[in-house]
Amino acid sequence: MAMKKKPVTGMKDILPAEMEIRNYVIQLIKETYRTFGFSNVETPCVEHIENLSSKQGGENEKLIFKILKRGEKLKLESASCEADLVDGGLRYDLTVPLSRYYANHMSELPSPFKALQMGNVWRADRPQRGRYRQFMQCDIDILGEATCLAEIELILATTTLLGKLDFKNFTIRINDRRILKAMAAYSGFAEESYDTVFIILDKMDKIGLDGVAEELEKEGFAKENIEKYLSLFRETTPDTAGIRYLLEKLDGALDAEYAENLINIIESVESVKSADFRLAFDPTLVRGMSYYTGPIFEISMDEFGGSVGGGGRYDEMIGRFTGQATPACGFSIGFERIVMLLLERGYTVPGAGQKVAYLIEKNMPAEKMREVLAKAKTERESGKQVNISVMKKNKKFQKDQLAAEGYTEIEEFFNR
C-alpha cells in the first residue's frame, strides 16, 4: 500500500513561517494573562468517555474521537454495545477537563483560582476555513468567583491580548442565558421547548427574523407566541438601554439582579478597556454549550465573518464532579482563527531580532570553518539569529529563499 503524503483530513502540517507566528502568539498570551494573575495548567488530551458524554457539551458530544479499550479489556467478540468497547476519548474542549482537574485538586489550589490552559482539542467536524479537526484552544477560567468580577476580568484580559496583536474595531457580543429563558417564558413557550427555540434563534444572523419565525412555525409553535417573542428582538437596542428595556418589558419574568449584573459588566469594561473594540448587548446570542448558566459572550470580527472566541459562566459543571456548587466562568479565543487572520494580513513578529545568513564554500578548511563558527557565536550572543549554510550552485535562488524567510543580511565566506 502506497504511503500518503497529505495529513489526515481536518489536520494540517505547519510550515516555519506560521510556526514563528504561533510561537509568538503563545508567548504573548502567557505574558499578557500572567499580568492578570492567571496560572498555567495542563490536562491530558484523553478524557474519560463518561465526562465527555455528560450532556454538557452540546453538539460537540456528537463529534468525539472515541478510543477503544486496550489490551485484555478490549473484548471485540463479546461486545454488545459501545460501552463494552470504548472507555475514553480525545477532549473536544478544555472546559470539561479543567472542571475535572479542579475537582481533583481543589484542596491544593487557591480560591478563586485563575487558570490559563492551552492545548490541542479534537472534533470530528466538517473542515472549513478556520476550522480543523485538530486545533489549538486557549482558555482562561476563573473558578470560585461568584461575582461579575470574573466576567469583567476575563473580557479585559482577552481584549487586552487582541489589542496587542493589532486587532481593532472588533465586537464583544454579550448576553445572559437567564435573559434568554425569561424572554422565552414571557412569550409563552413551554420550558421543555427552550432548547428547540434557542437552536432556531441561534440562526438569526444567517436567516434573519423572518427565517426564525418560519422555522418556529414549522416546529408547531403558536403564531401569537412567535410574534410576541420576535417583537422583543425588534425593539431591543444593543446596549445597556436594551437590557433595561427588557427588564421593564418582561414584567417579572426576568430577575432584576441578572439585568443589573450584565449592565455592571458592560459599564465596568467600557470604563477601563485598553483595546479598541465595541461591547454590545445581543439578545440573540445563544452559545451552543448547554453547561452555560449565566452571562455568555463571543468575539466577532468583520474580517473573519464570524466568531473568533467565546465563553461564559458555567456554575454547575464542577458540582457534577464534587456534588458541591462551585462558581466558574471562562473565555476561550479561537487560536487557529487568530493565527489565520494574522497570516492573511502579512503579520510580522515584532522585535524578532535580526536574521543573518552565512554562506560558506563547500569543503571549507577546518581552520577557516572555526573562524566562521566563532563569528556566528558572537553574533548569536548579541541576540541575532544566524543561519550557516553551504553555498549552492544557484546562489541567487538560495539568497532569494533566505530573503523570503526574513534574513536581512547575507554574508559570504570563501575558502581562500
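The values are calculated or read from the model by the stated rules, or taken from the named source; none is laboratory data. Values in this document were obtained by computation on a predicted structure and should not be read as measured data. So basically every Cβ, Gly included, is an ideal-geometry build from the backbone, and we count neighbours across all protein chains shown.
When restricted to residues that are part of a loop (DSSP other than H, G, I, E, B) and without any contact (Cβ under 8 Å) to a residue 60 or more places away in the chain, the range 288-314 contains 2. Among the residues of the range 391-402, those that are closer than 22 Å to Arg416 by Cα, of a type in the set (D, E, K, R) and part of a helix (DSSP H, G or I) comprise Lys395, Lys396, Lys399.
Counting the residues of the range 217-238 that are closer than 15 Å to Met183 by Cα, of a type outside the set (S, T, N, Q), within 32 Å of the chain's Cα centre (by Cα) and surrounded by 13 or more Cβ atoms within 10 Å (Cβ to Cβ) gives 4. Elements of the type helices (runs of 4 or more DSSP H) sitting completely within the range 95-192 and holding at least 2 residues that are basic (Lys, Arg): these cover 177-186. Report, ordered by the first and then the second residue, all pairs with beta carbons closer than 9 Å, sequence separation of six or more or different chains, a first member in the range 258-273 that is closer than 20 Å to Ala182 by Cα, and a second member that is basic (Lys, Arg). Taking only residues 6 or more apart or on different chains, the pairs are Tyr258/Arg178; Ala259/Arg244; Ile263/Arg244. Only one entry of Arg380, Arg370 meets the criterion of being loosely packed, with under 15 Cβ neighbours inside 10 Å and touching a strand residue (DSSP E or B) at 6+ places or on another chain (Cβ under 8 Å), and that entry is Arg380. Contact map, the range 16-33: first residue touching a residue at least 24 places away in the same chain (Cβ under 8 Å), second residue surrounded by 13 or more Cβ atoms within 10 Å (Cβ to Cβ) and not in a helix (DSSP H, G or I), Cβ cut-off under 6 Å, separation 6 or more or different chains; pairs are Glu20/Val349; Tyr24/Val349; Ile29/Cys138; Tyr33/Leu116; Tyr33/Ile140. Within the range 386-408, the set of residues being at pLDDT 90 or above and either under 24 Å from Glu367 (Cα atoms) or touching a His at 6+ places or on another chain (Cβ under 7 Å) (or both) comprises Val386, Asn387, Ile388, Ser389, Val390, Met391, Lys392.
Candidates in the range 279-315 are the residues that are modelled with pLDDT of 90 or more and among the charged types (D, E, K, R); of these, the one that is surrounded by the fewest Cβ atoms within 10 Å (Cβ to Cβ) is Asp315. When restricted to residues that are within 29 Å of the chain's Cα centre (by Cα) and crowded, with 18+ Cβ neighbours inside 10 Å, the range 193-216 contains 6. Of all residues in the range 67-94, those satisfying the criterion of being of a type in the set (D, E, K, R) and not in a strand (DSSP E or B) are Lys69, Arg70, Glu72, Lys73, Lys75, Glu77, Glu82, Asp84, Arg91, Asp93. Residues satisfying the criterion are absent from the range 37-48 (criterion: in contact (Cβ under 8 Å) with a residue 24 or more places away in the chain, at positive phi and assigned to a helix (DSSP H, G or I)).
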